[in-house]
Amino acid sequence: MDTTESSFIDGEIGKLLYRGYDIHDLAEKSTFEEIVHLVLYGELPNQAQLDETDGYLRANRRIPDEIITVIDAVKSAHPMDVLQTALIGLAAFDDESEDNSREANVRKALRLTAQAPTIVTAHHRIRSGLEPVSPNPDLNHAGNFLYMLFDQFPDDETIALMDVDFILHAEHGVNASSFAARVSASTNSTLHAAVSGAVGTLKGPAHGGAAEEVMKMSMEIGNPENAEEYARNKLNNRERIMGFGHRVYRAEDPRARHLRERSQALGEKRGDPRWFQILTHLSEDVMAPYRDRGIYVNVDFYAGSIYHLLGIPSDLFIPIFALGRVPGWSAQCIEQYQNNILLRPRLHYIGPMDRDYVPIDQR
Ligand code: CMC
C-alpha cells in the first residue's frame, strides 16, 4: 500500500488528523495560515515561520491582467470551470511552473493558495458587471477573500467563520480530487496541471458539490415541517439526501461539528434560524435511523447554510471548498513527487475479443 504523512482518517470513529494534529484542536485553536504551513511543511510554524508564510501569501495574491482577460472571456462558465481555466493559465506567468523540485513546489503551492481566491472573486465580480477588487495585504486570507468578494471590509466574526471553514477543508487524504492530483503528479506533470485537474474532479455533486445541493434541498423544503415528507419521498424513490454519507466515515464526519455550531449561531444572529432548523430536523429525526448503516452528516451538510447566510451565491460554494483544499492537493502532489511511481490502474476488460474488422461500406 502507498503511504502518506499528510492526514490520517479513522472512518469508524470519525477521527481526522492533519500531520498528526486533531482537527478539533486545529479548528478551535489555529488559523488557516498556520494550517497552510502545517500541511505543506509538516510542522506547526513558530511565530517567525508563520510570519514568513503569511507574508508570502499576502504578497502573492495578485493575478496578471492577462488572466483577468481570460476570466472575462469565459465568465459565463461555472465558477469551478473558470477557476480551473485560470489556475492552469497561471502556469504561463510562473517562472517556476516546470520546476518540480520540492522547494519550487512548496513556493508554487503557496502562490496558488494565495491566487485562487483572487480568481474566484474576480470572476464573480466580472460576471456581475463589476470591477474586480484588488487584494488587500492588510487582511488575512479569509478576510481578504470576503473583502474581494463583497468590496466591503468584513467583521472579525465573519472572518473567523470563513477561516475555520477553510481550515476544515484544507486536507482530507486521497479523496477523489486529491487522487486526481496525485495521478497527474505521478506522471511528473506540473503542480499547476495537477491542482487544476483536482478542481475539475472536485466539481461533481458526489464530492464538492454537495453543499450547494444541500442548500438547494433546504430551499425546496422551505420550512422544518416539510422536511420529513420531502426526505421520505426522496428516499422512497431511492434518491440520496445530500450532505449525508461518506466513503470513509462510518461515524459523523468530525468536521461537521464545527460547522453545525456555527450554522446555528449565525442563523440566530441573522434572525434566520430556519435553515438550521430544517437541517436539524433532517439529521436528528428523518435520517437518524440511517446511523445504524453508518450514514451520518458530512462536512458539506451545514456549510451551505453558512455561505447562504453570508450572502454568498450558491455556485460559489464548491469554489470555496477548492480554495481551502489547494494546500492539501499540493501537499499530496509533493508527497507523490518525492516518492514517485506512475499511478496507472488496470481495469478488467469485459468487452468482445478478436473481432473481424469490417470495411465501412459493409457495415
Ligand atoms: N442518502 C441516502 N442513502 C445513502 C446516502 C445518502 N446521502 N449515502 C449513501 N446512501 C446509501 C446508498 O443508497 C446505499 O444503499 P444501498 O446499499 O441500499 O444501495 C448505501 O448507503 C451505500 O452507498 P454507497 O454509494 O455505496 O456508499 P459510498 O460510500 O460510495 O457513498 C457518497 C459515499 C458520499 C458518494 C454517498 O454517501 C453520497 O452520495 N452522499 C451524498 C453526496 C454527498 O453528501 N457528498 C459529499 C461527501 S463529503 C465531502 C467530500 O469529501 O467530498
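The values are calculated or read from the model by the stated rules, or taken from the named source; none is laboratory data. What you are looking at is a predicted structure, and each value in this text was computed from that prediction instead of being measured. Neighbour counts run over all protein chains shown; Cβ positions are idealised from the backbone, glycine included. Side chains included, ligands, DNA and RNA excluded: accessible areas come from the protein's heavy atoms. Shrake-Rupley method; radii C 1.70, N 1.55, O 1.52, S 1.80 Å.
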Residues that are more than 30 Å from P205 (Cβ to Cβ) and free of Cβ contacts under 8 Å to residues at least 24 places away in the same chain, drawn from the range 54-104: G55, D65, T69, D95, E96, D99, S101, E103, A104
Are there any pairs with C-beta distances below 8 angstrom linking a residue in the range 321-334 that is under 13 Å from R111 (Cα atoms) to a residue that is of a type in the set (K, R), with the two at least 6 apart or on different chains, and if so which? S330/K108
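Residues checked against (1) modelled with pLDDT of 95 or more; (2) surrounded by 23 or more Cβ atoms within 10 Å (Cβ to Cβ):
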residue: L202; (1), (2): yes, yes
residue: A206; (1), (2): no, no
residue: M219; (1), (2): yes, no
residue: R232; (1), (2): no, no
Does V120 fit the bill of being under 16 Å from H78 (Cα atoms), touching a residue at least 40 places away in the same chain (Cβ under 8 Å) and part of a helix (DSSP H, G or I)? yes
Being under 14 Å from I295 (Cβ atoms) and more than 12 Å from the ligand (Cβ to nearest atom) is the filter here; which residues of the range 233-268 pass it? A251
If I filter the range 269-295 down to residues being near the ligand (Cβ under 10 Å from one of its atoms) and assigned to a loop (DSSP other than H, G, I, E, B), which single residue comes out as most open to solvent (accessible area, probe 1.4 Å)? I295
Any residue in the range 300-309 that is at pLDDT 95 or above, away from the ligand (no atom under 11 Å from the Cβ), assigned to a loop (DSSP other than H, G, I, E, B) and within 30 Å of M219 (Cα to Cα)? no
Select from the range 198-232 the residues that are touching a residue at least 60 places away in the same chain (Cβ under 8 Å), small (G, A, S) and near the ligand (Cβ under 9 Å from one of its atoms) and list them in ascending order. G208, G209, A210, A211
Would you be able to tell me the number of residues in the range 157-171 that are open to solvent by 10 Å² or more (accessible area, probe 1.4 Å) and within 12 Å of the ligand (Cβ to nearest atom)? 0
Taking interchain pairs and intrachain pairs at least six residues apart, which have beta carbon atoms under 9 angstrom, with the first residue in the range 18-33 and over 12 Å from S6 (Cα atoms) and the second assigned to a loop (DSSP other than H, G, I, E, B) and open to solvent by 50 Å² or more (accessible area, probe 1.4 Å)? S30/L44
Is it fair to say E252 is without any contact (Cβ under 8 Å) to a residue 24 or more places away in the chain and either surrounded by 12 or more Cβ atoms within 10 Å (Cβ to Cβ) or of a type in the set (F, W, Y) (or both)? no
Which pairs do you get when a residue that is more than 19 Å from E66 (Cβ to Cβ), found in the range 123-140, comes within reach of a residue that is of a type in the set (G, A, S), reach meaning Cβ atoms under 9 angstrom, with the pair 6+ apart or on two chains? N136/G143; P137/G55; P137/A59
